[in-house]
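In what follows, a single structure is set out as structure tokens and then discussed.
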Amino acid sequence: MDPVTLFALANGAVSAVKAGCQLYKEIKGAAGDVKEVLKDLDDQFHKRWEGKAVPVEAKNQYIKEKNRVIDLNKKGGETTNIYQEIGQHLGAYFDNYYKCLAIFEEEERRSKNEVYTGEDSLGKRALQRVLMKKQLEHMATELREIMVYQSPPELGALWTDVEEMMKTVGKEQKFAIANQMKRSMLEARRKALRKKHLTYQATIGILITISIFAVMYMFMLIIDSRIERYPELGNCAVPKGSILYKEWTNLVWSTCE
């Protein structure tokens, strides 16, 4: 379970909550007298460009904004789906937030009791944990500010309810993630030991094979040297006149000379 991935998911959930809150407020704001809203847009536009040539881009933007207000008004203030989506994204943020915290706490515990053998230094990993934790806390503060103080009251209540619920879930996740990390660590150790054992066995096997071929090659050199120096003893591996010569000639496929 990678804290960087969890952090990215939390950040994505925060962006979705912000966008949802903005849309929620706009729908609520446009659900009243749309004529007043459109009139205000007209007044602002004409005041801005009074006595001036209106650029095409400005006119297109003005029309686009009017159409957006009209579209929001057509929704009739219906915000149920958006409210539910905000709640889901908020839950996703807190879920990944507490998972990150649980991983950080477990890594800090392990850094005090175990020898670290990873690529990054202990200082770098500790700094990364601090920075990510600060960023996650900043996200929470920003979301709370938006939902409680800058949005309709029902979104503030949603924040409070989800926050309280996820505190309980977060505590449960903390123990579950710690246990999972311990199991993963033990499994990684078992795999490492097994790999080491297999590597050791393979090395021994290769050394034995090389030794056998080396001994066979030495015997071949000795036999060739003996045949060259003492041709009267024959060209078999076992010299003529020795105790094993007869047995050897009965075992080999070709007749020794």
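The values are calculated or read from the model by the stated rules, or taken from the named source; none is laboratory data. Computed from a predicted structure; not experimentally measured. For neighbour counting, all protein chains shown are included, and Cβ atoms are generated from backbone atoms with ideal geometry for every residue, glycine included.
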Do we find that residue 246 is of a type in the set (D, E, K, R) and assigned to a helix (DSSP H, G or I) in this structure? yes
Answer yes or no: is there a residue in segment 69-92 that is of a type in the set (Asp, Glu), under 30 Å from residue 161 (Cα atoms), surrounded by fewer than 18 Cβ atoms within 10 Å (Cβ to Cβ) and at pLDDT 80 or above. yes
Would segment 222-229 turn up any residue that is among the polar types (S, T, N, Q), exposed (fewer than 11 other Cβ atoms within 10 Å of the Cβ) and at pLDDT below 80? no
Under 8 Å between Cβ atoms, at least 6 apart or on separate chains: pull out the pairs that start in segment 90-103 with a residue that is over 19 Å from residue 157 (Cα atoms) and end on any residue that is surrounded by fewer than 22 Cβ atoms within 10 Å (Cβ to Cβ) and β-branched (Val, Ile, Thr). 98/169; 99/177; 102/177; 103/177
List pairs: first in segment 173-184 and surrounded by 12 or more Cβ atoms within 10 Å (Cβ to Cβ), second not in a helix (DSSP H, G or I), Cβ under 6 Å, 6+ apart or cross-chain? none
Just checking, does segment 194-207 include any residue being surrounded by fewer than 12 Cβ atoms within 10 Å (Cβ to Cβ), under 26 Å from the mean Cα position of the chain (by Cα) and within 28 Å of residue 110 (Cα to Cα)? yes
How many of the residues in segment 125-172 are touching a Phe, Trp or Tyr at 6+ places or on another chain (Cβ under 8 Å) and among the polar types (S, T, N, Q)? 2
Which one of 28, 18 is at pLDDT 80 or above, over 30 Å from residue 178 (Cα atoms) and among the basic types (Lys, Arg)? 18
Hey, residue 188 hits all of (1) free of Cβ contacts under 8 Å to residues at least 60 places away in the same chain; (2) over 30 Å from residue 25 (Cα atoms); (3) surrounded by 12 or more Cβ atoms within 10 Å (Cβ to Cβ) but one; which does it fall short on? (3)
